[in-house]
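Here the structure comes first, spelled out in structure tokens, and everything after it is commentary.
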Amino acid sequence: MTKPISLLEIAHNIVGSYVAPGDISLDATLGNGHDTVFLARSIGIGGHVIGFDIQPQALVNSFQRLLQHDLQRRVTLRLASHADMLLHVPKQWHGRVRAVMFNLGYLPGADKAVITQIDSTLAALNAACVLLAPRAVITVLAYPGHAGGELETEQLAAWSQRLDQTCYTTEVILSSHDKPAAPRLFVIRKQADLL
Ligand SMILES: C[S@@+](CC[C@H](N)C(=O)[O-])C[C@H]1O[C@@H](n2cnc3c(N)ncnc32)[C@H](O)[C@@H]1O
């Protein structure tokens, strides 16, 4: 039987359809750096990725992964909350960011008590909307199945419904494991500038 495509692969496919060489993109939750490597490949030599995490181990793991692929020169790593991304993205890139990826929850292999929190997640999403270019995308992989994750996912859904529908569309993609606690992928698309 063919293995079902994972939500992470779907997120990469969607982001890959937006990002082109030379673009700016953000990894809001570095973790072990898988998404950062994907973004760094997608933006090419002329583009740049800025990645955020609050745990030093995540920056170490991500940097090692980037080194393995010789992609480290395309990426800036910040030990900072994604809630503060506006402070870390250079002013000249505001309004030019093509994609922002969030993968919520905890750092695999580390302390599971250090997880994303709804207040900073929503602050980061609002900041991401300020930074986005016309025709850009935010993906958020959410995990209602772990402690705090259900509330975070509910509030995320409520936040996305409050977005200005003339500028943004939201799609929620459910996991093929048809359970209420299964992960889900929020895809927030910003329209191209209307003429
Ligand atoms: C599921 S992991 C991310 C996986 C990662 N994208 C990858 O490709 O390996 C979630 C990460 O979010 C980080 N995190 C939690 N709160 C954060 C915050 N306020 N700002 C930035 N990162 C945060 C955690 O430390 C953890 O490393």
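What to note about this one:
- Fraction of antiparallel bridges per DSSP, region 7-190 only, in percent to nearest 5: 45 percent
- Look at the alpha carbon pairs under 8 Å that are at least 6 residues apart: their mean separation over the length of the chain gives a relative contact order of 20 percent.
- Summing Lys and Arg as +1 and Asp and Glu as -1 over all other residues whose Cβ lies under 10 Å from the Cβ of Ile118 gives a net charge of -3.
- Taking Cβ atoms as reference points and 13 Å as the exclusive limit, the residues near Glu150 contribute a net charge of 0, counting Lys and Arg as +1 and Asp and Glu as -1.
- Length added when fully stretched, Ala182-Val130, from 0.36 nm per residue minus Cα-Cα: 15.7 nm
- Convex hull per residue volume in Å³, alpha carbons only, for region 146-195: 73 Å³
- For the chain, calculated [θ]222 nm from helices alone, where every DSSP H run of n ≥ 4 adds -39500 (n - 2.57): -10500 deg cm²/dmol
- Isotropically averaged projected area of the chain, using the convex hull of Cα atoms (one quarter of hull area), nm²: 11.5 nm²
- Of Lys112/Lys179; Lys91/Lys190; Lys112/Lys190, those spanning more than 24 Å from alpha-carbon to alpha-carbon: Lys112/Lys190
- Membrane-span-like helices of the chain, defined as complete DSSP H segments with a Cα extent of 15 Å or more along the helix axis and a mean Kyte hydropathy of at least 1.0, are identified as 118-131.
- Only Lys, Arg, Asp and Glu carry charge here, each on its Cβ (+1 for the first two, -1 for the last two); on that basis region 7-190 has a dipole of about 580 debye about its Cα centre.
- Taking the convex hull of Cα positions in region 50-148, its mean projected area over all directions (nm²): 6.8 nm²
- When the convex hull of its Cα atoms is projected in every direction, mean area for region 20-78 (nm²): 3.1 nm²
- Residue among Leu86, Gln72, Thr153 farthest towards the positive dipole end of region 7-190, charges placed on Cβ: Gln72
The numbers here are math on the coordinates, done by the rules we state, and not lab data. As the structure is a computational prediction, the values presented were derived from the model and not from experiment. Glycine gets a Cβ as well: all are built from the backbone with ideal geometry, and neighbour counts include every protein chain shown.
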